[in-house]
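What follows is a short report on a single structure.
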Amino acid sequence: MATAGYVAEVKVAGAPVAFTGAATEDMGDDVYRIADATRRVWDMSAPVEVLDDGTPLPASGYVVDYLCGRVSLVAPPVGVVTVSASFLPTVSVAEVRSVTINATATELDTSILGVPYTTFVNGKRGAEVSLEALSLVTEDIAPGQVAETWDEVFAAGSVVLVDVALGGGAVWRGWCRVPSVQSACPSDGLYAGSISAKTVPVRAAGRSEAVAFGLRTGE
């Protein structure tokens with residue numbers, strides 16, 4: 001079904017906020033998602049504690065999906081599952097006019113001698129997000145909420161979380177660095193700033209999980 005492009009919204013993460021004993025909802029197959037939809041992006045530098053009927057589970061007893069606030073339990077729980085962690089509130093990026101997401105994978109050649117066809121499998125994955133905004137790249141990304149500019153993110157080589165709501169409950173999220181910022185100043189039109197952000201994997205503190213990006217539905 002066709003979806004109007006204007007329903008998309010681009011956000012970035014603000015400062016982390018800790019929470020304790022948050023309720024979860026059962027997603028099936030021993031997967032539990034935090035019930036509060038505003039807390040579904042978790043800070044990967046903060047600890048995550050999962051409790052089964054008030055009893056903390058060992059770190060090896062669950063896998064954390066930091067980009068959508070879910071935990072997958074190794075074994076079925078005996079009671080109510082709650083979570084303590086830190087979430088990243090997301091705020092809208094100012095004056096975005098368009099956004100493009102391009103996900104790619106390296107092609108690993110699996111062709112065989114004597115067979116007249118080229119074959120391959122997907123290898124390492126990555127994604128690039130291109131934004132066009134009507135605000136200066138030297139202006140705050142989210143005025144009054146994120147006091148940092150795209151130009152400062154570019155200069156520092158910082159990693160930022162980019163969140164793109166695509167409509168229909170689909171959300172793309174990724175940890176990104178910004179290798180390119182451009183400014184276009186036509187004499188007969190509006191200023192436009194272009195930002196290119198590429199995904200990088202971020203490893204969770206004290207755990208084995210590492211994540212770069214993902215597409216979520218039903219948010």
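The values are calculated or read from the model by the stated rules, or taken from the named source; none is laboratory data. The structure presented is a predicted model; accordingly, all values stated were derived computationally and were not measured. Here the Cβ is made from the backbone with ideal geometry for all residues, glycine too, and neighbour counts use every protein chain on show.
Within the range 77-95, the set of residues being under 18 Å from the mean Cα position of the chain (by Cα) and of a type in the set (Val, Ile, Thr) comprises THR90, VAL91, VAL93. The sole residue among VAL121, VAL64, VAL74 that is at pLDDT 95 or above and within 17 Å of the chain's Cα centre (by Cα) is VAL64.
With a requirement of 2 or more residues that are touching a residue at least 24 places away in the same chain (Cβ under 8 Å), under 22 Å from THR199 (Cβ atoms) and in the same structural domain as VAL211 (by TED's automatic domain parsing), the strands (runs of 3 or more DSSP E) lying completely within the range 126-188 that satisfy it span 140-142, 160-167, 170-184.
Please specify each residue of the range 6-32 satisfying the condition of being in a strand (DSSP E or B) and closer than 30 Å to VAL178 by Cβ. Matches in the range 6-32: GLU9, VAL10, LYS11, VAL12, ALA13, VAL17, ALA18, PHE19.
Right, ALA15: modelled with pLDDT under 95, out of contact with any Asp or Glu (no Cβ under 6 Å at 6 or more places or on another chain), surrounded by fewer than 16 Cβ atoms within 10 Å (Cβ to Cβ) and within 26 Å of VAL200 (Cα to Cα) or not? Criteria met by ALA15.
Tell me which residues, restricted to the range 92-105, are in contact with a Lys or Arg (Cβ under 6 Å, 6 or more places away or on another chain) and closer than 22 Å to VAL200 by Cβ. Passing the criteria: only ALA105. Taking the condition within 21 Å of PRO89 (Cα to Cα), out of contact with any helix residue (DSSP H, G or I) (no Cβ under 9 Å at 6 or more places or on another chain) and without any contact (Cβ under 8 Å) to a residue 40 or more places away in the chain, does ALA210 pass? Taking the combined requirement at face value, the residue satisfies it. The set of residues in the range 5-22 being of a type outside the set (D, E, K, R) and within 25 Å of GLY168 (Cα to Cα) consists of GLY5, TYR6, VAL7, ALA8, VAL10, VAL12, ALA13, GLY14. The set of residues in the range 116-159 that are surrounded by fewer than 18 Cβ atoms within 10 Å (Cβ to Cβ) and β-branched (Val, Ile, Thr) comprises THR118, THR119, VAL121, THR138, VAL159.
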